[in-house]
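Bear in mind that the values in this text are calculations on the coordinates, not laboratory data. All of these numbers come straight from a predicted model, not from anything done at the bench. Note: ideal-geometry Cβ built from the backbone for every residue, glycine included; neighbour counts use all protein chains shown.
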Amino acid sequence: MSKTPSRMAAMIHHDIRAGMNHEMLMHKYQLSESELKSILSELGETFEPQKRGDESASRPSATVWKCPACGKEQKQKYEECPTCGIVVAKFGVRPAANAIEAEHSKTVEDAQNRVQGVHQRVAAVWEHVCGLARAGSYKELLRTYRFLLAGIVAFVVAAAILGTLSRGGGVSNPIIAPPPSPSLPIAQPAPPAAKRKPNQENVLTVETLEKPGDKGFIQLPEKPVVYPIHIRLKWEWRGQRPDLDLGCMYRMKDGLKSVIQAVNNNYGSKESAPFICLDKDDRSGLSLEGENLYIYRPDLIDLVMVFCFIYEGATDFVAVNTLVTIQDQQGNMIKLRLSDPAVHRRFSAVCTVRNIGDRIEVTKEERYFIAHPFADQHYGFGFQWGRAEKDPY
């Protein structure tokens, strides 16, 4: 045996207190009758072989009387059941309604007794499991756990069978009754939306995207029409005045893709594809309007990555206070600020604009790169890049 006799004796003593009989002990510890007798002698216990199926005989029962009508167990005998109020003498001579009901009552009573027996066994095994956990016998605990699980399954199945018998036979007072379910609030229909008066103005919204990954949405018209989305770049600075450029890399639904920026005078077009254009190149940063990018047909785009690039005057955005706003035709606005600039990175992917069906999804990116090609590689446009410069003043 893997355990010393004193260790096993202590565990068996705990199991005996939990209600396990000698047959269960022999099965659990794989002991013969002689081995069990030897260990019990250490504990001052006597060995009494017990027949299979008579486990409950070793337990004293506190039940003195059980009502023949409702089956409720009592500690003393009553002439009138305190639970269901039946008069026992009259109930004993009352004929059954019919043979089927009498047979069904007997079946239900047998099922109730079996459920109670399974419940007692599960409770005994559970108490044993708790004792093993307190004693730190984890190997034995894992071994016993499957017996507990099988007992719980048996108890659930037996309770389900009993419930089916009780509902099918019309038993008036079943022993096992489910607790009343809590009442749930009934969902009330939403009140109809108030009709907007013809002269009532639309309520405009201003949403700020604080951190990368935050999203805002612009609802598109049901019919494909010109519906400009206005993207504006404005900046302030400390020290030397920088020249910031607003631009975008785009891909349309039909596969057309390119770059719009002041470098190489790629300003796009309002009247033809891609229906995206840049209004000007503000090299001073003093323009009240800033630099502006317009997406006139957002229903035709697949992906637009809006970027901000320092052409000259600074090596990064640390000393530049950069604000980008995105506004639809109704005046609803999405604001985002470059709040966490990276050192020695002159290119910032500010946000992405995606067509997701009936609306436009704007996602704050604020990713910093050394130059355009690295951002292109990240977003997967696949452009061929070369050296380019702006026209002189």
* Charge context of residue 267, other residues only, Cβ under 15 angstrom, K/R +1, D/E -1 -> -3
* Structure fact -> With label points set 7 Å from each Cα along the Cα-to-Cβ direction at residue 321 and residue 116, the distance between them in nm comes to 8.2 nm
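Per residue Cα convex hull volume for the range 207-379, in cubic angstrom? Write down the numbers at each step before the final one.
Details: hull volume 18.9 nm³, N = 173.
Considering the Cα atoms of the range 207-379, their hull volume per residue is 109 Å³.
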* To do: Take a quick pass over the range 207-379 and tell me how many lysine pairs come in under 12 angstrom between Cα atoms, counting only ones 8 or more apart or on separate chains.
  => 6
* Structure fact -> Taking Lys and Arg as +1 and Asp and Glu as -1, residues besides residue 296 with C-beta under 13 Å from its C-beta add up to -2
* Length gained when the stretch residue 72-residue 27 is fully extended (0.36 nm per residue, less Cα-Cα span) -> 12.8 nm
* Structure fact -> Most packed first (mean Cβ within 10 Å per residue), the peptides 210-217, 277-284, 304-311 order as 304-311, 277-284, 210-217
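What percent does the relative contact order of the range 305-393 come to when contacts are Cα pairs within less than 8 Å and at least six residues apart?
26 percent
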* To do: Please give the contour-minus-distance gain from residue 302 to residue 257: 0.36 nm per residue of separation, less the Cα-Cα distance, rounded to one decimal in nm.
  => 15.2 nm
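Can you list the GluC sites (Glu not before Pro) in the range 347-393 that are in a DSSP coil and have 13 or fewer other beta carbons within 10 angstrom?
Here the sparse-neighbourhood loop sites are 389.
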* **Potential extension, residue 343-residue 225 segment - 0.36 nm per residue separation minus Cα distance** => 38.2 nm
